[in-house]
Each structure stands twice: as C-alpha cells, then as structure tokens.
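Notes follow once the structure below has been shown.
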Amino acid sequence: MIPEFKQALEEYALARADDQFTLGQRALAWKGRGLAIEKEALARIGQDEQAHARLWYAWLAEMRGQDPARYSMRPAAEWRCSPLVALPGGDWAFTIARQFLLDAWEVAWTGLAVASPQPRIAEIAAKIRADEIDHLAQTSAWLKRFGRSAARRRQLQAGFDVAWPHTEALFAATELDTWLLDAKVIPSPAATRAAWLVLVGNVGNVDNVGRLIKPDQT
C-alpha cells in the first residue's frame with residue numbers, strides 16, 4: 001500500500017472516531033440532568049456514538065499495530081474533532097440542533113459509504129447506519145415538539161444559528177483525503193452534502209441556510 005494512502009486511511013478513521021466519541025460525550029453529559037425522557041434518550045444516543053467510535057478506533061489500531069484503548073485517553077490537543085462537534089455544550093435547544101445536523105450527516109454519509117470498495121469503511125458504515133437512522137428519527141421528533149411553541153421555536157432557531165455556520169467543515173476535504181477521494185473509497189463531499197441537505201429539509205424543516213422553514217403543529 002502506498003504510504004500516503006495508508007496515512008490517509010488512518011487519519012480519516014481517526015477523524016471519524018474522534019467526532020463520534022466526542023459527540024457521545026456531549027450527549028452523555030445530559031444524563032441525570034432532570035427527569036425528562038428526552039434527556040435519557042439522548043444519553044442512550046451518546047452510548048451508541050461512543051460504540052461507533054470504538055469501531056473506528058479498532059480499525060485504526062489494526063492499521064497501526066496499537067492498542068485501541070490509547071486513543072480515547074489522548075491529550076485534548078491531539079483530538080481531530082470537526083468544528084461543529086468541538087463546540088462546547090450549550091442549552092437543550094442548541095444540543096438538539098447540533099445533534100440533528102450531525103445525525104443527518106451520518107445518515108447521508110453511511111448511505112453512500114456502504115458502497116465503498118474499501119471493505120472496512122463499507123463494513124463500519126453498514127454497522128452504524130441503522131443506529132444513525134434511529135437517532136435522526138428521534139432528533140427530528142424533538143424538533144417537531146419545539147415547533148409547537150413560538151418561544152421554544154425561537155430558542156431552537158438560536159441553536160441552529162450557532163451550529164449552522166460550522167456545518168461547512170463537515171464537507172471539507174483535507175489534502176490527505178484527496179488520496180481516498182481519487183480512489184473513490186469515501187463519499188465525495190459534494191454528494192454527501194447534497195444527500196444531507198435533502199434530509200435536513202425534508203426531515204427537519206430546515207432550509208439550506210439553517211433557518212426553520214415553518215412551525216410544525218403536529
């Protein structure tokens with residue numbers, strides 16, 4: 001294997017894992033904060049996200065001949081989180097807005113990545129896809145509940161206003177990613193973004209600049 005291609009695979013796996021693990025931490029931070037069923041459900045989503053991260057870490061460890069447990073114990077400066085995931089935890093409205101946008105990304109990405117000619121990428125995408133579809137269904141239902149109240153809807157829009165500008169980085173390719181894109185082993189950013197925008201609009205009633213389209217009174 002060409003060294004640059006192997007490095008690209010390793011860095012891609014690390015970035016995916018770090019995002020999943022950190023997002024899981026963000027979600028788990030809500031566990032026990034009140035008795036709301038939604039917050040306990042979000043904590044369960046967080047457990048799923050960290051389980052997904054471990055799949056990526058395990059593959060990375062195989063490629064590098066290392067212990068996968070070491071990756072979740074690295075210094076904070078070494079983590080490769082996307083800007084949206086790296087944002088500190090906010091209020092409930094922001095938390096749901098961010099989780100929804102990232103769940104939609106995961107559903108869009110896995111839908112394309114299951115066809116990857118790279119066996120482990122296709123395998124991981126297939127393993128996590130059902131969970132991510134379920135996560136998106138839950139967060140989209142929470143968005144609809146926010147739509148029943150004008151005040152809560154304003155809170156939700158404020159959450160999207162903070163989160164949305166950071167979504168562009170989800171579709172940015174690194175220099176190393178070009179090795180994987182040329183080999184077509186990862187979905188193209190353009191195809192992923194197109195699929196993501198469909199989900200965001202159709203499932204979440206959010207337009208392509210991050211504004212809520214209409215109240216949902218159901």
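The values are calculated or read from the model by the stated rules, or taken from the named source; none is laboratory data. All values derive from a computational prediction rather than experimental measurement. All Cβ positions, even for glycine, are placed from backbone atoms using ideal geometry, and neighbour counts span all protein chains on display. All accessible areas refer to the heavy atoms of the entire protein, side chains included, with ligands and DNA or RNA removed. Shrake-Rupley method; radii C 1.70, N 1.55, O 1.52, S 1.80 Å.
Can you give me the Kirkwood hydrodynamic radius for region 100-181, using every pair of distinct Cα atoms, in Å to one decimal?
For region 100-181, the Kirkwood estimate is 14.6 Å.
Of all lysines in the structure, those lying under 19 Å Cα to Cα from Lys6, and not within fewer than 8 positions of it along the same chain, are Lys184. Residues in the chain average 46 Å² of solvent-accessible surface per residue, probe 1.4 Å, ligands and nucleic acids excluded.
Just add up the charged neighbours of Ala130: K/R +1, D/E -1, any other residue whose Cβ is under 12 Å from the Cβ of Ala130. Walk me through the numbers before you get to the answer.
Working: positive: Lys127, Arg129; negative: Asp48, Glu106, Asp131, Glu132, Asp134.
Value of the local net charge: -3.
Could you sort Arg153, Arg54 by their accessible area in this structure, using a 1.4 Å probe and putting the largest first?
Working: Arg153 45, Arg54 135 Å².
Sorted by accessible area, descending: Arg54, Arg153.
Among Glu4, Glu10, the sequence by solvent-accessible area, most first, with a 1.4 Å probe is Glu4, Glu10.
Let me know the whole percent of all Cα-Cα pairs from region 1-126 that are separated by more than 20 Å.
Values: 3636 of 7875 pairs.
Roughly 46 percent, rounded to a whole number.
Among Ala191, Ala141, Phe171, whose Cα lies farthest out toward the positive end of the dipole of region 132-218, if unit charges sit on the beta carbon of Lys, Arg (+1) and Asp, Glu (-1)? It is Ala141.
Mean sequence separation of contacting Cα pairs (under 8 Å, at least six apart), scaled by the length of the chain, corresponds to a relative contact order of 23 percent. Shown for the chain are the DSSP H helices of 18 Å or more along their axis, judged by Cα atoms, with a mean Kyte-Doolittle hydropathy of at least 0.5: 92-113, 189-204.
A convex hull fitted to the Cα coordinates of the chain yields 117 cubic angstrom per residue.
If R0 is 30 Å, what FRET efficiency do you get for Arg148 and Ala169 from their C-beta distance, rounded to 0.05? The value I calculate is 0.40. Farthest towards the positive end of the charge dipole of region 1-67, among the residues Gly65, Gln50, Ala29, is the Cα of Ala29, using unit charges on the Cβ of Lys, Arg, Asp and Glu. With only Lys, Arg, Asp and Glu charged, each at its Cβ (+1 for the first two, -1 for the last two), find how big the charge dipole of region 81-179 is about the Cα centre; round to the nearest 20 debye. For this selection, approximately 600 debye. Spacing of the modelled spin labels on Ala130 and Cys81, each 7 Å from Cα toward Cβ, amounts to 2.9 nm. Taken about its Cα centre, the chain carries a charge dipole of roughly 820 debye when the Cβ of each Lys and Arg holds +1 and the Cβ of each Asp and Glu holds -1. Backbone geometry of region 71-79 corresponds, through the Karplus equation with coefficients 6.51, -1.76 and 1.60 at θ = phi - 60°, to 3J(HN,Hα) couplings of 6, 7, 10, 6, x, 4, 5, 8, 6 Hz, x marking Gly and Pro.
The accessible area of Asp207, taken with all protein chains in place and a 1.4 Å probe, comes to roughly 50 Å². Annotation for Gln7 and Asp161: the two label points, set 7 Å from Cα along the Cα-Cβ direction, are 4.3 nm apart.
Counting only lysines at least 8 places from Lys144 when in the same chain, those with an alpha carbon closer than 27 Å to its own are Lys31, Lys39, Lys214.
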